[in-house]
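The values are calculated or read from the model by the stated rules, or taken from the named source; none is laboratory data. Computed from a prediction, not measured in an experiment: that's the story for all the values here. Here Cβ is always computed from backbone atoms with ideal geometry, including for glycine, and neighbour counts include all displayed protein chains.
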Amino acid sequence: MAVTVAMLPRWSVFLLFLFVLCSSGAKVVAIDVHAAKRLIQTGSIYLDVRTVEEFKKGHVDAVNVLNIPYMLNTPKGKVKNPDFLKEVSSACNKEDHLILGCQSGVRSLYATADLLSEVS
C-alpha cells in the first residue's frame, strides 16, 4: 500500500526513536512528514501515541502503524498509561525503527523520553 503525504497527520514534526542498542546508544531525531513518509515506506513502524478515540477519528494509513496510547481517558481525566512501556515492548523489537507521533508533539516527546529511559 502506498503512503501519501496526505495520509500523514497534519502536524509536521515527528520524533524518530531507533530501538537499536549499540555502543553509541539510541538515537532520537525530529523529522518532517516527508521524511516520515520515506521511513514508513522502508519499513519503519509508525507508533501513534494518541488515545484510542483520537486514533479512531483518523490516523496514518500504512501497513506498519500501531496505536499504543501514552495517555488514557478516565472518568477523572487523562492519566499516563501505566502499561505503555510493556505494550511497546510486546509489540516491537528493540531493533525496530519507530516514528512516534501524536497531535501536537507533546505526548510523543514524553513517550520518547520514557522509551529512552527504558533502554539506558
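Structural remarks
- The stretch 67-81, subset at pLDDT 95 or above and in a strand (DSSP E or B), residue surrounded by the most Cβ atoms within 10 Å (Cβ to Cβ): M71
- Scanning the stretch 39-51 for residues that are surrounded by 12 or more Cβ atoms within 10 Å (Cβ to Cβ) and more than 19 Å from G105 (Cβ to Cβ) returns a single hit, Q41.
- Single residue of the stretch 40-62 satisfying the filter (assigned to a strand (DSSP E or B) and not aromatic (F, W, Y)) that is farthest from N93 (Cα to Cα): D48
- Considering the stretch 82-98, and only residues there that are modelled with pLDDT of 90 or more and either surrounded by 20 or more Cβ atoms within 10 Å (Cβ to Cβ) or among the aromatic types (F, W, Y) (or both), the residue that is farthest from A36 (Cα to Cα) turns out to be F84.
- Residue satisfying all of: in the stretch 82-108; of a type in the set (D, E, K, R) and in a loop (DSSP other than H, G, I, E, B); farthest from V29 (Cα to Cα) among these: D83
- Looking across the stretch 68-100 at every residue that is touching a strand residue (DSSP E or B) at 6+ places or on another chain (Cβ under 9 Å) and of a type in the set (K, R), the one that is farthest from D48 (Cα to Cα) is identified as K78.
- Boolean, V29 is more than 12 Å from the chain's Cα centre (by Cα), closer than 16 Å to G101 by Cα, part of a strand (DSSP E or B) and without any contact (Cβ under 8 Å) to a residue 40 or more places away in the chain: yes
- Selection status of K37, part of a helix (DSSP H, G or I), touching a Ser or Thr at 6+ places or on another chain (Cβ under 8 Å) and among the basic types (K, R): yes
- Scanning the stretch 29-37 finds one or more residues that are within 24 Å of S117 (Cβ to Cβ), modelled with pLDDT under 90 and crowded, with 19+ Cβ neighbours inside 10 Å.
- Exclusive hit being basic (K, R) and modelled with pLDDT of 90 or more, set R50, R10: R50
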